Amino acid sequence: MAYKKLVNQSGLALAVELVSRVGSEPNQSGPIVAVSLPPGGKQTVEYGNSQNPFLNGLVVSSGSDGAFSNGSQIVTSRGSAWDNVLNTNDTLTFSGAGGLNVTGSNT
């Protein structure tokens, strides 16, 4: 199986959808795994399998004080900056307004 550690530094509760990939090329998205991440929360999430260990994108949603924020980023090219954030790191950290700033690291 494939795993990612998610870290919420946004200060808001986040709803995160991890969009998996079928195969190594980003032209076919696979199953979606939905996660609720509280402010300051950390969670390791299982997605994909040994044949399909890649992520194709994220959808991030949050709400606070009567406002709703939603954003998505999808990989369109293998080896792109976003593909590398999602698939060369074991940890994804969400920060900024609505948790829409996503960085990757290896821990």
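Values in this text are rule-based calculations from the coordinates and carry no lab data. In this text, all values refer to a predicted model and were calculated from it rather than measured experimentally. Cβ placement follows ideal geometry from the backbone for every residue including glycine, while neighbour counts extend to all protein chains displayed.
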With the first residue restricted to region 1-25 and required to be in a strand (DSSP E or B), and the second required to be hydroxyl-bearing (S, T, Y) and loosely packed, with under 15 Cβ neighbours inside 10 Å, Cβ contacts under 7 Å at 6 or more apart or on different chains are Y3/T44; K5/T44; K5/T107; A15/S36
Which residue is farthest from V45 (Cα to Cα), if the candidates are limited to region 10-19 and must be of a type outside the set (A, V, I, L, M) and surrounded by fewer than 16 Cβ atoms within 10 Å (Cβ to Cβ)? G11
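Hey, among the residues in region 38-59 that are exposed (fewer than 13 other Cβ atoms within 10 Å of the Cβ) and not polar (S, T, N, Q), which one's nearest to the chain's Cα centre (by Cα)?
First, the residues of region 38-59 that are exposed (fewer than 13 other Cβ atoms within 10 Å of the Cβ): 38, 40, 44, 46, 49-51.
Filter again for not polar (S, T, N, Q), leaving 38, 40, 46.
Values: P38: 15, G40: 16, E46: 12 Å.
The extreme case among them is E46.
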Would you pick out the residues in region 60-107 that are more than 14 Å from the chain's Cα centre (by Cα), of a type outside the set (S, T, Y) and surrounded by 12 or more Cβ atoms within 10 Å (Cβ to Cβ)? G63, R78, G96, A97
Name the pairs whose Cβ atoms lie under 8 Å apart, with the first residue in region 32-52 and more than 21 Å from G11 (Cβ to Cβ), the second surrounded by fewer than 11 Cβ atoms within 10 Å (Cβ to Cβ), and 6 or more positions between them or separate chains? E46/M1; Y47/M1; G48/M1; N49/M1; S50/M1
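Is it true that some residue in region 74-90 is at positive phi and either in contact with a strand residue (DSSP E or B) (Cβ under 6 Å, 6 or more places away or on another chain) or aliphatic (A, V, I, L, M) (or both)?
Step one: of region 74-90, the residues at positive phi are 79.
Okay, now just the ones that are also either in contact with a strand residue (DSSP E or B) (Cβ under 6 Å, 6 or more places away or on another chain) or aliphatic (A, V, I, L, M) (or both), so none.
Checking region 74-90: not a single residue is at positive phi and either in contact with a strand residue (DSSP E or B) (Cβ under 6 Å, 6 or more places away or on another chain) or aliphatic (A, V, I, L, M) (or both).
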